[in-house]
Every structure is written in C-alpha cells, then in structure tokens.
Amino acid sequence: MAHSGLLDTRAGLIIMYIAFNSPFAIFLQRDELMPVTTSYYNFTQRFGRDWSLTSAGAVMMIAPVLVLFLALQRQFVTGLTQGGIKL
C-alpha cells in the first residue's frame, strides 16, 4: 500500500470504503439473500391487511430463533450467571 502512493490519502480512503461496502450493497439487492426482517417488512407491506398471512409470516420468522434458544437455553443461562459474578 505504501508503494502505491495511497497511504494516508483521500483517494486511498475512498477506494477502501468502496471495496469494503460493495459486497454488502450487492448482497442486499438479491431478493433471496435479503435478511429475514427486511423480507418480513416487504411481506407486510404487500399483505398488510390480511392478518392471518402476516401472523403466519411472523411465526415463521421467529420459530428458528426460538428453537435455537430453547436448544441452547442452558448455555445462555450459564453465560449470564458467569458474567454476573465478580471474582
């Protein structure tokens, strides 16, 4: 980087910023790779008046997180109690 003449320059900062953020911008443009919360927001905008569909979508969004928490509940509680103890 020092040999390219971009060290501590505005152009170097811009190039680094573009290189770091481009994958995130490309990632969010594809519908099948959107985060679950963004997909649910788009779903509720489309079917906002149909409460049975939006409730089913919310349950489908929450279910994997709930199952993961229930499976690892003992580790969560252990971590919380370990963090609350002063040695």
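The values are calculated or read from the model by the stated rules, or taken from the named source; none is laboratory data. Worth saying up front: this structure is predicted, and the values here are computed from it rather than measured. We place every Cβ from the backbone using ideal geometry, glycine too, and count neighbours over all the protein chains shown. Quick note on the areas: whole protein, heavy atoms, side chains included, nothing else; ligands and nucleic acids left out. Shrake-Rupley method; radii C 1.70, N 1.55, O 1.52, S 1.80 Å.
When segment 49-76 is limited to residues that are more than 17 Å from the chain's Cα centre (by Cα) and β-branched (V, I, T), the one that is nearest to S39 (Cα to Cα) turns out to be T54.
Within segment 10-35, how many residues turn out to be open to solvent by less than 100 Å² (accessible area, probe 1.4 Å) and either modelled with pLDDT of 80 or more or more than 12 Å from the chain's Cα centre (by Cα) (or both)?
Looking only at that region, the number is 10.
The set of residues in segment 68-77 being open to solvent by less than 100 Å² (accessible area, probe 1.4 Å), at pLDDT 90 or above, assigned to a helix (DSSP H, G or I) and not small (G, A, S) consists of F69, Q73. Applying a threshold of 8 Å to beta carbon distances and a minimum spacing of six or more residues, or different chains, the list of pairs starting in segment 61-87 at a residue that is within 29 Å of Y40 (Cβ to Cβ) and ending at one that is of a type in the set (S, T, N, Q) and open to solvent by 80 Å² or more (accessible area, probe 1.4 Å) reads M61/T37. Among residues that are exposed (fewer than 10 other Cβ atoms within 10 Å of the Cβ) and either in contact with a strand residue (DSSP E or B) (Cβ under 9 Å, 6 or more places away or on another chain) or modelled with pLDDT under 75 (or both), L87 is included. Filtering segment 49-59 for residues that are open to solvent by 100 Å² or more (accessible area, probe 1.4 Å) and at pLDDT below 85 leaves a non-empty set.
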